[in-house]
Amino acid sequence: MKAGWLKFKKNNWDARSLQERTVLKYTAWALLPVLVYFVLWQPAHIEVNKLQAAVPVMSMQVERLRSQSSEVEMLRHRPKPALLDAVALKSAVEDSAARHGLREAISTLDLQQPNAARISFASVSFEQWLRWLRALQQEQHIRADSTSVVMLPQAGMVKISATLINGGAQ
């Protein structure tokens, strides 16, 4: 490699006259600040401005991740709801429907698995159904696993068929 460099120097630098070498040296010294500015300082200055805008956003994201991780840790240690057997699940659904005025609207309520029940309504208010489903989930840890909703001609009324499962199966 050293031999290659010496050959390059001999062919390109030593072959020049003293005046040419002097002009090239001064030109190099004059262009050096321009080169340093455009290659080093300007890109660094632009990136500093970008970082000044990005760092506060990233700090907020870190704080949000920390709060979410503490929430996950809290939820991880929360006791899991008890798994209801078939009879208890059916009883809990019927009691909740009676409290929310939906007991008479239930067409069928059949047990499917140890922790699942199939329920259907021929005609029920969609808003009332949603309120009851939310209360059922919060109070009994029973949620809708699959639901089929068909709109009826009456405003706000729907035909619903759903599979309800106990929260322990989640």
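The values are calculated or read from the model by the stated rules, or taken from the named source; none is laboratory data. This is a predicted model, so every value here is computed, not measured. Heads up, the Cβs are rebuilt from the backbone with ideal geometry, glycines too, and the neighbour counts pull from every protein chain shown. Note: accessible area is taken over every heavy atom of the protein model, side chains too, but ligands, DNA and RNA are not part of it. Shrake-Rupley method; radii C 1.70, N 1.55, O 1.52, S 1.80 Å.
Restricted to region 101-121, and to residues there that are open to solvent by 60 Å² or more (accessible area, probe 1.4 Å) and either more than 14 Å from SER161 (Cβ to Cβ) or within 33 Å of the chain's Cα centre (by Cα) (or both), the residue that is modelled with the highest pLDDT is ARG118.
Please give the number of the condition ARG143 fails out of (1) assigned to a helix (DSSP H, G or I); (2) under 13 Å from LEU84 (Cβ atoms); (3) not aliphatic (A, V, I, L, M). Unmet for ARG143, out of (1) assigned to a helix (DSSP H, G or I); (2) under 13 Å from LEU84 (Cβ atoms); (3) not aliphatic (A, V, I, L, M): (1). Can you report the number of residues in region 7-25 which are assigned to a helix (DSSP H, G or I) and loosely packed, with under 10 Cβ neighbours inside 10 Å? Total meeting the criteria: 4. SER70 meets the conditions (1) assigned to a helix (DSSP H, G or I); (2) in contact (Cβ under 8 Å) with a residue 40 or more places away in the chain in every case but one. The failed one is (2).
Only one of ALA98, ALA28, ALA53, ALA44 is within 30 Å of TRP132 (Cα to Cα), assigned to a helix (DSSP H, G or I) and not charged (D, E, K, R); which? On inspection, the qualifying residue turns out to be ALA98.
Residue-level check: of (1) under 30 Å from ASN115 (Cα atoms); (2) open to solvent by 90 Å² or more (accessible area, probe 1.4 Å); (3) in a helix (DSSP H, G or I), LEU83 misses just (3).
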